[in-house]
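Everything on this sheet refers to the single structure shown next.
Where a number appears in this text, it was derived from the coordinates with a stated rule and is not lab data. This one's a predicted model, so the numbers in the text were calculated from it and none came from an experiment. Cβ atoms come from the backbone with ideal geometry, glycine included; neighbour counts cover every protein chain shown.
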């Protein structure tokens with residue numbers, strides 16, 4: 001699965017990326033984590049608050065730093 | 001003394017804390033009236049007060065703001081235009097949760113949904129400029145009339161700035177991908193527990209982000225307060241010097257700091273006889289415009305629009321500084 005973190009590289013985005021990779025490990029899933037910093041691409045997901053979390057091209061959360069447990073439930 | 005005055009002094013201004021710190025300074029053998037003792041007292045009192053107020057305020061305000069996500073703001077503003085829409089955008093800008101790293105997605109989201117540039121810019125100007133937490137801190141450090149005047153003029157800059165930018169017809173100055181971006185639907189509903197967790201996270205995040213600025217700001221404030229003679233300060237940027245406001249704006253624009261860091265400097269400068277307008281102009285320039293946010297904005301708008309935006313906001317702040325200096329005897 002592909003997990004994308006949408007955000008211009010602020011602190012929250014970094015934390016969310018770390019939590020996402022921990023969640024993937026905990027859920028026993030093979031996941032590729034991609035940080036999307038290009039605004040054109042972020043805009044294409046229609047996200048208005050960063051950081052955004054995209055799992056397999058579907059936006060699952062925006063503007064929140066989810067914990068690893070929260071993300072694991074979404075995977 | 002009235003009950004309101006007492007509460008304002010003890011809770012918001014924390015007069016008791018200042019007395020406590022003063023006794024502490026005496027207890028370690030320093031004279032609060034001396035330079036060193038005075039600096040120590042200013043520093044310790046201001047640092048504790050700012051962090052305490054900041055934490056409580058951010059918590060309460062973030063909780064309240066979690067009811068007003070940007071998607072709702074956009075829905076409220078949709079299909080409106082004219083001065084009323086600009087005023088509404090400026091007012092909503094003070095309430096919507098906002099972090100400078102979110103301003104560009106927000107700009108894209110508003111523009112893609114067809115909101116006019118004037119409304120979007122009114123929102124973008126007022127959002128960092130008139131922030132609930134900073135208003136209450138202003139009331140704590142100065143007084144309520146000044147805090148409310150700051151809100152009023154901040155909103156005027158946002159409304160007028162947005163209107164001017166709208167009149168110039170620069171719709172073609174926005175990057176093409178912004179217009180074609182998809183428009184998301186409703187924001188997800190939060191439970192009460194999620195709102196509280198959000199508020200707690202905001203406190204942790206903001207305190208972690210601003211603490212160096214606060215310490216530096218209070219440090220500079222303490223130095224000005226006790227070490228630099230008032231004559232020197234007023235000779236450089238005194239109220240009667242015509243260049244004081246433009247200078248404050250020029251210095252403030254490129255600066256990237258939080259309003260929480262600039263408040264102690266403002267406090268010390270006003271104490272040395274610098275005009276209120278000069279100090280407000282400095283704080284507004286620091287918060288409304290900064291190099292990092294302009295660089296980000298450049299990625300979605302063309303240079304002429306970016307220059308116009310910077311120019312319009314600068315002009316607004318300059319006039320506010322000059323007006324406030326002219327009428328400051330109403331407040332202090």
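Compute the distance from the alpha-carbon center of the stretch B:203-218 to that of the stretch B:235-270, in whole Å.
19 Å
If you build the Cα gyration tensor of the stretch B:1-71 and take the root of 5 times each eigenvalue, what three semi-axes come out, in whole angstrom, biggest first?
Working: eigenvalues 215, 51, 12 Å².
So the three semi-axes of the stretch B:1-71 are 33, 16, 8 Å.
Counting only other chains, and only Cβ atoms inside 10 Å, what mean value do you get across the residues of B:175-184?
Going residue by residue through B:175-184 and averaging, the value is 4.
Normalise the Cα radius of gyration of the protein assembly as shown by 2.2 N^0.38 Å (N = residues in it) and let me know the number.
Relative to the 2.2 N^0.38 Å estimate, the protein assembly as shown comes out at 1.05.
How much of the DSSP bridge set in chain A is antiparallel, in percent, rounded to the nearest 5?
Around 60 percent of the beta bridges assigned by DSSP in chain A are antiparallel ones.
Using only Cα atoms, tell me the angle between helix B:15-27 and the longest principal axis of chain B; keep it within 0 to 90° and round to the nearest 10.
40 degrees
Determine the principal axes of the Cα atoms in chain B, then give the extent along each, sorted from largest to smallest and rounded to whole angstroms.
That works out to 67, 51, 36 Å along the principal axes.
Of the listed peptides B:65-75, B:275-285, B:37-47, what is their order by residue-averaged count of other C-beta atoms within 10 Å, with the highest listed first? Present the calculation step by step, with values, prior to reporting the outcome.
Values: B:65-75: 19.1, B:275-285: 26.7, B:37-47: 21.3.
Packing proxy ranking, top to bottom: B:275-285, B:37-47, B:65-75.
On a 0 to 90° scale, report how tilted helix B:103-112 is relative to the longest principal axis of chain B, with both axes built from alpha carbons and the result rounded to the nearest 10.
30 degrees
Nearest 10 degrees, 0 to 90: what angle lies between the long axis of helix B:117-129 and the longest principal axis of chain B (Cα atoms)?
The angle comes out at about 20 degrees.
Given the Cα-Cα distance of residue B:209 and residue B:228 and 0.36 nm per residue of separation, how much length would full extension add, in nm?
Extending this stretch completely gives an extra 3.9 nm.
Take the Cα atoms of the stretch B:104-204, find their three principal axes, and give me the spread along each one in whole Å, biggest first.
Between the extreme Cα coordinates on each principal axis of the stretch B:104-204 lie 44, 38, 18 Å.
Can you tell me the equivalent ellipsoid semi-axes for the stretch A:2-74? Use √(5λ) from the Cα gyration tensor, largest first, whole Å.
Ellipsoid semi-axes (Å, largest first): 19, 12, 10.
What value, in deg cm²/dmol to 500, does the helix sum -39500 (n - 2.57) over DSSP H runs of n ≥ 4 give at 222 nm once divided by the residues of chain B?
Using -39500 (n - 2.57) per qualifying helix, the result is -24000 deg cm²/dmol.
Distance from the Cα centre of the stretch B:275-332 to that of the stretch B:19-37, in angstrom?
Comparing the Cα centres of the stretch B:275-332 and the stretch B:19-37, I get a distance of 38 Å.
Two decimals is fine: what is log10 I(q)/I(0) at q = 0.12, 0.16, 0.17 Å⁻¹ for the stretch B:1-150, from a Debye sum with one equal scatterer on every Cα and no solvent?
For the stretch B:1-150 at q = 0.12, 0.16, 0.17 Å⁻¹, log10 I(q)/I(0) is -0.65, -0.90, -0.96.
Two-decimal Rg/Rh of the stretch B:187-312 from alpha-carbon positions, Kirkwood Rh?
Across the stretch B:187-312, the Cα-based Rg/Rh ratio is 1.09.
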